[in-house]
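Nothing in this text is a laboratory measurement; each read-out follows from the coordinates by a stated rule. Just so it is clear, the structure is predicted and the values come from calculations on it, not from any experiment. Positions of Cβ are backbone-derived with ideal geometry, glycine not excepted, and every protein chain shown enters the neighbour counts.
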Amino acid sequence: MIPKWEDRPVVVANLLNPAFCGEILRIAIKAYTKETKQGLPFSLTFLFLPILLHEETRNRLPKSVSKNFYEWFEENAIVKIFIGNRIKNFVPYTRESLQFLIYYEAIKINNQAELELVPYSRRKIGYRNSNEIDDIYKKAEMLGKWLGRSGNIKTIYSLLGIKP
């Protein structure tokens, strides 16, 4: 359960606000869709925020999709230790971000229960030289593309040691 907006600590409210998290998800959905020519399966949506907003895990991600997801995960077994709990803890924030995106018609759910982008014009927002935000957005694109190449959802989840 997510605390009311006014009851959230400032850091949590800033980092996990639905507009910011929603933009991360939009970037990942766009990359996944471009890679696979289909929408992002709903269950994969819950992987992006826990991986990308955790600095240590994000920094361990490769710079490109040339490395296989399974190989990377085996080489970075430390990620596996806490990923299950982190995914579970991020579920409410991912849902809130998805609700935000759907409400503002930035994404839609297709007939196969996959997430697709709805075209819209986004204003360019300056982040006052925030390399971290730029890095999160770049890694969101890479991770979306990477999961698109990784195949079966059940295999991805079993590799992570969790059930969808």
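Here is how the numbers come out for the structure above:
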{"item": "Added length on full extension, which subtracts the Cα-Cα distance from 0.36 nm per residue, Ser130 to Trp72", "result": "18.2 nm"}
{"item": "Scattering curve values for the chain, log₁₀ I(q)/I(0), Debye with Cα scatterers, q = 0.20 Å⁻¹", "result": "-1.53"}
{"item": "Value of [θ]222 nm, deg cm²/dmol, for the chain, DSSP H segments ≥ 4, -39500 (n - 2.57) each, nearest 500", "result": "-19000 deg cm²/dmol"}
{"item": "Cα-Cα over 30 Å, subset of Lys4/Lys34; Lys4/Lys37; Lys88/Lys108; Lys4/Lys145", "result": "Lys4/Lys34; Lys4/Lys37; Lys4/Lys145"}
{"item": "Charged-residue dipole, Cβ positions (Lys, Arg, Asp, Glu), the chain about Cα centre, Debye nearest 20", "result": "260"}
{"item": "Unit charges at the beta carbon, dipole of the chain: most positive-side option, Tyr120, Cys21, Pro62", "result": "Tyr120"}
{"item": "Per-peptide average of other Cβ atoms within 10 Å, ordering 21-33, 42-54, 149-161, 85-97 highest first", "result": "21-33, 42-54, 85-97, 149-161"}
{"item": "Unit charges at the beta carbon, dipole of the chain: most positive-side option, Gln38, Asn85, Ile51", "result": "Gln38"}
{"item": "By average C-beta atoms within 10 angstrom, highest first, the peptides 5-14, 101-110", "result": "101-110, 5-14"}
{"item": "Formal net charge of residues neighbouring Asn76 (Cβ-Cβ distance under 13 Å; K, R +1; D, E -1)", "result": "0"}
{"item": "Summed residue charge, Cβ within 13 Å of Lys67's Cβ, Lys/Arg positive, Asp/Glu negative", "result": "+1"}
{"item": "Span from the the stretch 142-158 Cα centroid across to the the stretch 19-66 one, whole angstrom", "result": "10"}
